[in-house]
Amino acid sequence: MKKIAVYGKGGIGKSTTVSNMSAALASMGYTVMQIGCDPKSDSTRNLTGGERIPTVLESMRENGDITLEDIVFRSTSGVFCVESGGPVPGVGCAGRGIITAFEKLEELGAYEEYQPDVIFYDVLGDVVCGGFAMPIRGGYADDVCIVTSGEMMSLYAATNISHAVKSFGKRGYASLRGLIQNSKNFEEEDELVRKAAEEIGTEVIMKIPRDPVVQAAEAMGKTVVEAFPDSEQAEIYRRLAKKLVEEAADA
């Protein structure tokens with residue numbers, strides 16, 4: 001089982017990237033689980049026809065005792081989708097919510113039941129507190145990828161995340177696999193991301209170009225891989241997903 005945590009600044013296109021990789025791997029025959037670790041609970045929406053699925057935390061609040069069927073939903077592409085959710089706005093800690101969701105999935109035997117070949121954790125990276133660092137420090141993920149553009153705040157977040165990963169990596173937890181460049185297409189962006197990767201001590205795994213086909217697919221509530229499987233953008237997502245899984249397997 002390959003366990004990959006994907007971090008990035010809010011709004012950088014992290015969930016779009018993860019969902020397309022999940023759909024790509026599912027189309028290759030892998031059993032994939034995607035776990036959204038963001039209080040907005042929108043990680044899996046492009047896998048579920050644009051529909052929001054019940055989160056682990058809200059299901060626990062509303063129903064008390066829950067089953068896997070209450071919180072794990074299989075998309076039309078075959079991906080098992082989970083959203084951790086967050087606390088009631090203004091009350092509680094979002095990071096603690098992630099921890100609670102992970103503990104509930106383990107308690108219910110989710111990994112034994114669905115036996116995923118690949119698990120993607122889609123994690124907000126603006127704040128790397130204890131809860132949001134759970135996929136790293138809890139020993140859940142093997143590798144961490146950071147989605148970034150060449151914009152200053154995106155690279156700043158990537159640097160902060162990399163420090164957290166390296167800190168926990170010294171204790172035998174997840175290691176930093178590299179940066180995924182989700183391009184904004186401005187002048188010298190490639191060079192800025194390359195330099196940032198060099199300073200962090202990692203590599204740019206792949207460059208994802210900016211393409212209107214992404215917005216067209218999302219307007220349909222779908223991934224590019226599902227909506228436009230023959231597009232160049234879909235092929236890039238497939239290459240990225242395959243690269244991460246095969247290199248994780250070889251490691």
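Before moving on, here are some points about what is shown:
- Verdict on Ser77 being within 23 Å of Ile12 (Cα to Cα), among the hydroxyl-bearing types (Ser, Thr, Tyr) and touching an Asp or Glu at 6+ places or on another chain (Cβ under 6 Å): no
- Residues satisfying the stated conditions in region 168-192, i.e. surrounded by fewer than 20 Cβ atoms within 10 Å (Cβ to Cβ), under 18 Å from Ser15 (Cα atoms) and not small (Gly, Ala, Ser): Lys184
- Qualifying residue in region 78-87 (condition: touching a residue at least 24 places away in the same chain (Cβ under 8 Å), under 20 Å from Gln181 (Cα atoms) and either outside any loop (DSSP other than H, G, I, E, B) or β-branched (Val, Ile, Thr) (or both)): no
- Matching residues, region 203-235, being more than 19 Å from the chain's Cα centre (by Cα) and of a type in the set (Val, Ile, Thr): Val213
- Selection within region 98-117 - charged (D, E, K, R) and touching a residue at least 12 places away in the same chain (Cβ under 8 Å): Lys104, Glu113, Asp117
- Filter result for Phe120 (among the aromatic types (Phe, Trp, Tyr), surrounded by 15 or more Cβ atoms within 10 Å (Cβ to Cβ) and in a loop (DSSP other than H, G, I, E, B)): no
- Every residue from region 196-251 that is surrounded by fewer than 21 Cβ atoms within 10 Å (Cβ to Cβ), of a type in the set (Lys, Arg) and assigned to a loop (DSSP other than H, G, I, E, B): Arg210
- Of all residues in region 135-146 being over 12 Å from the mean Cα position of the chain (by Cα) and more than 19 Å from Ala110 (Cβ to Cβ), the one that is surrounded by the fewest Cβ atoms within 10 Å (Cβ to Cβ): Arg137
- Residues (of a type in the set (A, V, I, L, M, F, W, C), at pLDDT 75 or above and more than 13 Å from Asp38 (Cα to Cα)) located in region 89-119: Leu105, Leu108, Ala110, Val118, Ile119
- The listed residues are Phe132, Phe80, Phe102, and the only one of them that is among the aromatic types (Phe, Trp, Tyr), surrounded by 14 or more Cβ atoms within 10 Å (Cβ to Cβ) and closer than 20 Å to Asn20 by Cβ turns out to be Phe80.
- Single residue of Asn20, Asn46 found to be in contact with a Lys or Arg (Cβ under 8 Å, 6 or more places away or on another chain), crowded, with 18+ Cβ neighbours inside 10 Å, of a type outside the set (A, V, I, L, M, F, W, C) and not in a strand (DSSP E or B): Asn46
- Qualifying residue in region 51-60 (condition: assigned to a helix (DSSP H, G or I), free of Cβ contacts under 8 Å to residues at least 60 places away in the same chain and surrounded by 24 or more Cβ atoms within 10 Å (Cβ to Cβ)): yes
- Enumeration of residues in region 168-182 that are touching a strand residue (DSSP E or B) at 6+ places or on another chain (Cβ under 8 Å) and charged (D, E, K, R): Arg177
The values are calculated or read from the model by the stated rules, or taken from the named source; none is laboratory data. Since we're looking at a predicted model, the values are computed, not measured. Cβ coordinates were reconstructed from backbone atoms using ideal geometry, including for glycine residues, and neighbour counts include every protein chain displayed.
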